[in-house]
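Beneath this line is the structure, given in structure tokens, with notes to follow.
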Amino acid sequence: MERSDLLKERIRSLPDNPGVYIMKNAAGEIIYIGKAVVLKNRVRQYFNNSPKLPKVQAMVDNVADFEYIITLTEKDALTLEANLVKKHKPKYNILLKDDKASPYIRIDTSLDFPTLEVTRKLRKDGARYFGPYFNGISVRDVVNIIKTAYGMRTCGTKMKVNKASRECLDYFIGLCKAPCTARINKEEYAEVVRRVVAFLTGKDDTAEQLIEERMARAAANEDFERAITYRNQLNVLKKLNERTVANLGNISDLDLYGYVSDGAGAAVSVCLVRGGKMMGVKNFYMTDAGLGYADTITGFLGQYYRKDMFVPHEICLPDQIDSAVAMGESLSALSGHKVEIAFPKIGTKKSLLVCAERNATDFLSKSAAESKRKSDMTQGACERLARILGIQSARRMECYDISNISGVDKVSSQVVFINGAASKEDYRKYKIKTVEGANDFASMEETLKRRFARAKEGDEKFSELPDLIVIDGGKGQLGYAHEAMRLLGYDIPMVGLAKREEEIFTVGNSEPILLPKSDNALKLLQRIRDEAHRFAITYHRTLRKTRYVSLLEKIPLVGPTKAKILLAAFPNFNDIKEADETALAAIEGIDKAAARSVCEYFRNKQEE
């Protein structure tokens, strides 16, 4: 039965329930994960004869099989889809890189004397969080404004009132009310906190007047340095006030989305409004976009919002999506409060959506060229290398390298690149066990035998075989390595990269392939070769250092700490052996007795 007939047969047996479908290629790899209100209807759409977007058609052409998971509701399907996409990272799904969390200001109002904290983690701990701060507004600047205008403390969360203790410098320069020494009582400090919260939520505008008064006093006292500090704070306040968004009604926290696509990729811009102020715009570019607005934005929302970030009560999208209700329910469950998905057509929110779309358009135009460059260097380089070598694929590449000094501490490394990028969780290192002396050929043979023996045994960590093996070396190293692999029953494409002229040797060919230095396929081979060399050298140095530490620990009066100090001061072990007592004793942490003991130990070794 042909693939199309088999898939049609399976589609007919699909249930009419909501759920998640998982598309796989001929190799069994997951290439796309989607959600459906009705599984049968959604999956059938992929295989009918209607015209499709190029990326969708490319995905469909690669589908050899699919699985599905039935869920109780569409909301559950959305949640499950997001979790599975984050876990498996399928080729045709929207994949977001985890961006660094922006800072927030945290105030725990349950304390008698709350403090201002800066944090990047949001927790459901009852405290108030304000932010995030980015796009030109520094959270530290905002904290300094609060200290200057209101005198709220910024020291540690735990504080005991002690009238006998001395106030810190912040109190004497007017930046703290010093509740720690009872300079202000609980009720008075609560009013300070109330005003700070009002300022952070856009409901208190007295900070500017208070700082202007301080600036005037500093100038009158000819304290011009402090006056300049106050002037800078006023400039920050001006920037904050310029971001105030009017006519939002009762809603002060919003996320508004812009979306544009050029057919090859898409950009999503998120405009964040917090406390009635526009905090800035975050931009995201997705090279694997092309599945259409609804699927792209739904996939984006499922990955963008996490448990450790603030989810506003209202999220505004430029156009309708069928899963709006289910998405709202899913985000409500995630955040612990009701979240509404809205589609404004007029007013301030619509204007902000236009602003987000303009940002997305600008970001897309700037990102497309950079994305193409990265693609050419990674996945594009893999495809070109496969064409040059005449092999089916170079998606997963493994490279091996040997490291030793005079046959001592022999090690080898295995590094893995997937789609042209390092996959460090798949790196492996080997301590050579059966080879005497500095025999790189035999060490490579042992390495490959151990790697493929683990694969034959069914070890999951070694089960995925490479599409291409790269050996650091020329024709001789390549021939030896290929024979070792062949004897184990494997016939995987293998090349050797010789360093001097960067010649690419292939099995069975005496003449190497020479590529221009600018060729991305050659650069990819160089990157994986250099990474294998770095990884092997690092492991070799670790073993050597461990052995040296162990040797030094045998010397009387030299323990683990002094051994590490000596190795840090003399990276070359022979320098320790040849150093005199004065040089050793001059090292911080090495006393004269230990220095004398080291010298006597190596002197006696020479006489033996």
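The values are calculated or read from the model by the stated rules, or taken from the named source; none is laboratory data. Values in this document were obtained by computation on a predicted structure and should not be read as measured data. Every residue, glycine among them, receives a Cβ derived from its backbone with ideal geometry; neighbour counts consider all protein chains shown. Areas reflect the complete protein model, heavy atoms only, side chains present, ligands, DNA and RNA absent. Shrake-Rupley method; radii C 1.70, N 1.55, O 1.52, S 1.80 Å.
Spread over its residues, the convex hull of the C-alpha atoms of the range 321-441 is 256 Å³ per residue. What does the charge count around Ala569 come to, taking other residues whose C-beta lies under 12 Å from its C-beta (Lys +1, Arg +1, Asp -1, Glu -1)? After counting each charged neighbour, the total is 0. Temperature 25 °C, viscosity 0.890 mPa s: under these conditions the Stokes-Einstein estimate for the chain, based on its Kirkwood radius over C-alpha pairs, is 82 µm² per second. Taking every alpha-carbon pair in the range 147-259 and binning the separations at 10 Å intervals from zero gives 12, 35, 31, 17, 5, 1, 0 percent.
For the chain, the carbon plus sulfur part of the accessible surface works out to 49%, probe radius 1.4 Å. Descending by average beta-carbon neighbour count within 10 Å, the peptides 72-79, 145-152 line up as 145-152, 72-79, the highest first.
Close amide H contacts of Arg128 (hydrogens built in the peptide plane, cut-off under 5 Å, sequence separation of 5 or more or a different chain): Ile107, Asp108, Thr109. On a 29 Å Cα-Cα criterion, which of the cross-link pairs Lys55/Lys87; Lys91/Lys350; Lys366/Lys499; Lys350/Lys374 come out too long? From the list (Lys55/Lys87; Lys91/Lys350; Lys366/Lys499; Lys350/Lys374), the Cα-Cα distance tops 29 Å for Lys91/Lys350; Lys366/Lys499; Lys350/Lys374. Taking the Cα centre as origin and putting +1 on Lys and Arg beta-carbons and -1 on Asp and Glu beta-carbons, what dipole magnitude results for the chain, to the nearest 20 debye? I would put it at about 920 debye. Using bins of 10 Å that start at zero, the share of Cα-Cα pairs per bin across the range 56-189 amounts to 10, 26, 21, 13, 13, 10, 5, 1, in whole %. How many percent of the alpha carbon pairs in the range 134-195 exceed a separation of 14 Å? Here the long-distance tail beyond 14 Å is 59 percent of all Cα pairs in the range 134-195.
Among the chymotrypsin sites (Phe, Trp or Tyr not before Pro) in the range 355-462, those located in a DSSP loop and surrounded by at most 16 other Cβ atoms within 10 Å of their own Cβ are Tyr427.
Accessible surface for the range 17-112, divided over its residues, is 51 Å² per residue with a 1.4 Å probe.
For the range 453-468, putting each phi into the Karplus relation 6.51 cos²θ - 1.76 cosθ + 1.60 with θ = phi - 60° gives couplings of 5, 5, 5, 5, 6, x, 5, 4, 6, 10, 6, 7, 8, x, 7, 8 Hz, in residue order, rounded to whole numbers and with x for Gly and Pro.
Go through Lys86/Lys121; Lys431/Lys523; Lys158/Lys186; Lys424/Lys523; Lys86/Lys461 and tell me which ones have a Cα-Cα distance over 22 Å in this structure. Correct reply: Lys431/Lys523. Straight-line cross-link partners of Lys345 among the lysines, defined as a Cα under 27 Å from its Cα and at least 8 positions apart when in the same chain: Lys75, Lys277, Lys282. Taking trypsin sites (Lys or Arg not before Pro) across the range 442-506, the ones in a DSSP loop with at most 10 further Cβ atoms lying within 10 angstrom of their Cβ are Arg500.
The aspartates and glutamates whose alpha-carbon is closer than 14 Å to the alpha-carbon of Lys52, local same-chain residues fewer than 8 away aside, are Asp61, Asp295.
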